[in-house]
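Let me begin by presenting the structure, written as C-alpha cells, before commenting on it.
Every number in this text was worked out from the coordinates using simple rules, so none of it is lab data. Note that the coordinates shown come from a computational prediction; the quantities given were computed from them, not determined experimentally. Cβ sites come from the backbone with ideal geometry, for glycine too, and all protein chains shown count toward neighbours.
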Amino acid sequence: MPVEFEVFPDHNLVYVRYQGAVVVEEVSTLLLRYRSHVDYSPHQRQLADLSRVTLVKLELPALLALQQQVLQAQNLHAPTTTMVFYAPNALSQDIAANMRRFWAPFPSVRVSIAETAQDAMMQLPLNAPQIQARMETPAHLKSAE
C-alpha cells in the first residue's frame, strides 16, 4: 500500500493519501512515522484521501491496536480531533463509513465523510487550494514527494 502523508502546520492539518491496498499494519507504521514528525501535534485535523484505494485488508485485532495507539497519543480531555475522509467512490465510501462507526464511541474524535474535494475543504473548514488540488489531480499526474 503506497501511503504518504504531509503535515501542513500552518493549517493544523495532516493530509494522508492512500493508494492500492489498505493494510492495518502499514497504517500503524505510517502512524509511528507521523507521530515522530517534527510538525506533529496530537489534535491536528486529519484529511484522509481514500480516492485511490483498491482493496482493504483490515483485521479486527490489528485495527483495535491501531485505535489504541491513536487514543494514547491524545489527551482525551483536550479538544476534539477532526478526521475527514475524502471518499468519492463506492469502495472509499464504504471504508469511510466503517471508520466513522469505528470511532463513534470516542467523543474526542469527530469523523465526517466528503464525496468531493471541495466538500472536504468545507468540512474542515479549510481554504487551501494546494491541498484540494492534490485530491483532484489524477494519480498518474502526481509528482513523487
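Below are the figures for this structure:
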| item | result |
| --- | --- |
| Among 21-33, 108-120, the order from most to least packed when residues are scored by Cβ within 10 Å on average | 108-120, 21-33 |
| Cβ-based net charge around SER112, under 10 Å, with every Lys or Arg adding one and every Asp or Glu removing one | +1 |
| Around PRO129: net Lys/Arg minus Asp/Glu count, Cβ-Cβ under 14 Å | -1 |
| Formal net charge of residues neighbouring GLN46 (Cβ-Cβ distance under 15 Å; K, R +1; D, E -1) | +3 |
| FRET efficiency, 1/(1 + (r/R0)^6) with R0 22 Å, evaluated for ASP94 and GLU26 via beta carbons | 0.70 |
